[in-house]
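K.L.:
Provided herewith is a single structure, encoded as structure tokens, for subsequent inquiry.
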Amino acid sequence: MSGLRRLADVISRIDLRGSIDDPRDVLPRAELDVEAALEKVRPICEDVRHRGVEALIEITERFDGVRLTDVRVPKAAMAAALEQLDPDIRAALEESVRRVRIVHREQRRTDHTTTVVPGGTVTERWVPVDRVGLYVPGGLAPLASSVVMNVVPAQEAGVPSLALASPPQKEHDGLPHPTILAACALLGVDEVYAVGGAQAIAMFAYGAGECRQVDLVTGPGNIFVAAAKRLLKGRIGIDAEAGTTEIAILADDTADPRHVAADLISQAEHDPNAASVLVTDSVALADAVETELKAQVAATRHEARVRQALSGKQSGIILVDSLEQGLEVVNAYAAEHLEIQTADAPAVAARVRNAGAVFVGAYSPVSLGDYAAGSNHVLPTGGCACHSSGLSVQSFLRGIHVVDYSQEALAGVAKHVVTFADAEDLPGHGHAVRARFEWTVPNA
């Protein structure tokens, strides 16, 4: 029965009990065919490259059904959005900003000088990227929280120039969602563009109208945004090719099935392709979670979207023999978000090696991290957490080594440099050192 997937009304099961195979071969995973999307975004990016704002306006009308006269959002519109923002939403935004800033301020790096030998030093300088383009989705959900998660670490890193793009909304006179605009105003970001999708990434990469080319693009988006990032990587730096959201929960029989079901639903409501995965050694918990899901899905606002996500092949309940096997499974899955709802959750969490972010215990749900834990919610998806990190201050910094050797310090290592150069048949390298001293010029 190992690896067998059993379909159910709401979410399927995969039984890995007794399995000794690599769990990566059977784990549920959302499909993200970026390669197929590349051919669709290539002509869009080329059009923006050659025709700039004119192309942006035409593409926006075609895909968003909005006819713009300019893509730059007036500063007055952002000020008005902040002024008209519901006081409770403003308070929530301000608290999110405060907490995220506290955490990210601690991530700042300082320059460090190492004395290798007397008179010979190497300094590592941390220099912010000059200009960054931030992308904020506005499709099924206007993610004002993503403004906070992108802008705050960039500001804490000291990035001097920020531009932000978010799709125009028909119902808001062709401007991005007012909550997104209000968040920009709150954070002091005044260069905002009503552009979405691959065309926004192309605008950042090539420049168009008032938008100058950027050095780095960050922020989540749909498959076409991911494809444009892949296409233009090299011309611009990127944070990641973010896919649809994921939650994995490692739980035992101490977990509350109501909490587990609610947390699975919380990420499923993002997108019909969102992945919600429960890993447990308790059949009783699996049964109870299925029962809870049936009741809670029926009561949720976005029932159709949630039901499609939970019943898709990217979601499932995975049965394992033990928490030890469960840890192997979640480390193999490398989830964007991983909750640990077990006895002695901190000790279990300490053994997790692969996850974008780990949420420990019954009172650290992923929703907290999405908005107000202080952590960042722009995280690696699709198993990339085994080699990549979430967005941080470090994402916006570059380390530059500054080498400063005196004549005496160079003399002390000169023969080793020449030996290396000769061993690699690069005599010019050796001559560059010999030329500084009373040495014989190497043979031609």
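K.L.:
Does Gly383 qualify as being under 16 Å from the mean Cα position of the chain (by Cα), within 25 Å of Ile223 (Cα to Cα) and modelled with pLDDT under 95?
P.N.:
Judged against the criteria, Gly383 is a match.
K.L.:
Next question, about the same structure. Please work out which one of (1) under 19 Å from Ile44 (Cβ atoms); (2) buried (at least 24 other Cβ atoms within 10 Å of the Cβ) is the condition Gly207 fails and give its number.
P.N.:
(2)
K.L.:
Which helices (runs of 4 or more DSSP H) sit wholly inside segment 256-351 and have at least 2 residues that are touching a residue at least 40 places away in the same chain (Cβ under 8 Å) and aliphatic (A, V, I, L, M)?
P.N.:
Ranges flagged: 257-268, 283-299, 303-311, 323-333.
K.L.:
Identify, from the list Arg29, Arg99, Arg51, Arg6, the residue that is out of contact with any Gly (no Cβ under 9 Å at 6 or more places or on another chain), of a type in the set (Lys, Arg) and either at pLDDT 95 or above or surrounded by 13 or more Cβ atoms within 10 Å (Cβ to Cβ) (or both).
P.N.:
Within the list Arg29, Arg99, Arg51, Arg6, the selection yields Arg51.
K.L.:
Determine which member of the set Glu94, Glu58, Glu31, Glu35 is within 30 Å of Ala372 (Cα to Cα) and in a helix (DSSP H, G or I).
P.N.:
None of the others qualify; the one that does is Glu94.
K.L.:
Quick check on Asn331: is it under 23 Å from Asp15 (Cβ atoms), in contact with a Cys (Cβ under 6 Å, 6 or more places away or on another chain) and not hydrophobic (A, V, I, L, M, F, W, C)?
P.N.:
no
K.L.:
Here is a list: His401, His377. Which entry is touching a residue at least 12 places away in the same chain (Cβ under 8 Å) and either touching a Leu at 6+ places or on another chain (Cβ under 9 Å) or part of a loop (DSSP other than H, G, I, E, B) (or both)?
P.N.:
Being touching a residue at least 12 places away in the same chain (Cβ under 8 Å) and either touching a Leu at 6+ places or on another chain (Cβ under 9 Å) or part of a loop (DSSP other than H, G, I, E, B) (or both) holds for just one of His401, His377, which is His377.
K.L.:
Right, here's the next one. Given the criterion out of contact with any strand residue (DSSP E or B) (no Cβ under 7 Å at 6 or more places or on another chain) and without any contact (Cβ under 8 Å) to a residue 60 or more places away in the chain, identify the matching residue among Glu171, Glu156.
P.N.:
That would be Glu171, the only listed residue that is out of contact with any strand residue (DSSP E or B) (no Cβ under 7 Å at 6 or more places or on another chain) and without any contact (Cβ under 8 Å) to a residue 60 or more places away in the chain.
K.L.:
Suppose we filter segment 102-122 for residues that are surrounded by 13 or more Cβ atoms within 10 Å (Cβ to Cβ) and part of a helix (DSSP H, G or I); how many remain?
P.N.:
3
K.L.:
Continuing with the same structure: Quick one: how many residues across segment 133-161 are under 19 Å from Val103 (Cβ atoms) and either assigned to a strand (DSSP E or B) or touching a Lys or Arg at 6+ places or on another chain (Cβ under 6 Å) (or both)?
P.N.:
Residues in segment 133-161 being under 19 Å from Val103 (Cβ atoms) and either assigned to a strand (DSSP E or B) or touching a Lys or Arg at 6+ places or on another chain (Cβ under 6 Å) (or both): 3 in total.
The values are calculated or read from the model by the stated rules, or taken from the named source; none is laboratory data. What you see is a predicted model; the values in this text were computed from it and never measured. For neighbour counting, all protein chains shown are included, and Cβ atoms are generated from backbone atoms with ideal geometry for every residue, glycine included.
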